[in-house]
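Single-structure report; data block below.
Bear in mind these aren't lab numbers, they're just calculated from the coordinates by the rules spelled out. All values derive from a computational prediction rather than experimental measurement. Cβ coordinates were reconstructed from backbone atoms using ideal geometry, including for glycine residues, and neighbour counts include every protein chain displayed.
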């Protein structure tokens, strides 16, 4: 029987995304399982990838940009000697090399990829070129010229050798980093070719694998009310943001989108983003400006 009344669901569901499923598919599936009005994901994962995919429900969707912009961590397996057109195992082989580096050679080049580096995103990506997704242009056989961009690699660690030609790594990086491209570039620096055979996101902003639930486990929970217990509070994503307690009067002002006088909320630098709480309720995110605290996100909880 088709359900017509949806739950007013607010919070975060951190899914361990399975391989072969797109991020939008996970959004649709979890919205159905929780019978929710509204949800969305923070930080897209390709169908090829697995791991941490934060799903925001209801008022939490207002915080998606703050999670998407956060630091990410991935573990990936790089296979040397073969290049594919997608830089991962799902693509077609377009070139091969007999050069397979050893552990010592790899360890020598890894430091060159730490810090601010320039990266050209893969042609099979969701970047828009003249209003059209790059991967669509690539599938149509059209030439795709994507400009390079600066990204930040915070750490890049060698984890283990899987077999003769495959090695596992861990990387911490900024928003906008393409791990498939990172793998390809490491191989090129070593004078060979390479592609990813496995990719798993282990952290997305403040969320980690420890926060996740498997979709299969969520589906196996019989009652909707019990599924809702898997949600994390909206405030969970604000762990790294300073909290200020506002009066009831100021809470009402923020609810109407009005700025506050900073005289009662001093000690924060210009541009700082703060979480305004009234009692146990999240009222708004505010930004410290010259002569006021301006609401940038207002919550209706």
Practice task
Report, in whole Å, the centroid distance computed from the Cα atoms of the range 245-297 and the range 12-58.
Solution key: 31 Å
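Tell me, what is the FRET efficiency for residue 161 and residue 116 to the nearest 0.05, using R0 = 30 angstrom and their Cβ-Cβ distance as r?
Working: r = 29 Å, r/R0 = 0.96.
After rounding, the FRET efficiency stands at 0.55.
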Handout entry: Gained length - residue 214 relative to residue 145, 0.36 nm times residue gap less alpha-carbon distance
Key = 21.1 nm
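Ranked highest first by the average count of other Cβ atoms within 10 Å around their residues, in what order do 71-79, 26-34 fall? Don't skip to the end; give the middle numbers.
On the way: 71-79: 20.9, 26-34: 17.9.
Most protected by this proxy first, the peptides run 71-79, 26-34.
Using the per-residue mean of other Cβ atoms lying within 10 Å as a proxy for protection, in what order, highest first, do the peptides 239-252, 281-294 fall? List each step's numbers first, then the result.
On the way: 239-252: 13.7, 281-294: 17.8.
By packing density, highest mean first, the sequence is 281-294, 239-252.
Send over the Kirkwood Rh of the range 214-301, from the inverse of the averaged 1/r over different Cα pairs, rounded to one decimal Å.
Details: mean 1/r = 0.0686 Å⁻¹.
Answer for the range 214-301: a Kirkwood hydrodynamic radius of 14.6 Å.
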Exercise for the section: Quick one: angle between helix 179-189 and the longest Cα principal axis of the chain, in degrees between 0 and 90, rounded to 10, please. Expected result: 30 degrees
Problem - Prolate/oblate/rounded label for the range 75-128 (Cα gyration tensor, a/c 1.5) - result: oblate
Problem - Label point distance in nm, residue 296-residue 89, each placed 7 Å from Cα along Cα→Cβ - result: 4.0 nm
Fill in the blank from the handout: Here FRET efficiency (C-beta to C-beta, residue 272 to residue 247, R₀ 25 Å, nearest 0.05) is 0.80
Handout entry: Option label - Rg and Dmax of the Cα atoms in Å computed here, alternatives [x] 27.6, 88; [y] 22.2, 71; [z] 19.1, 55
Key = [y]
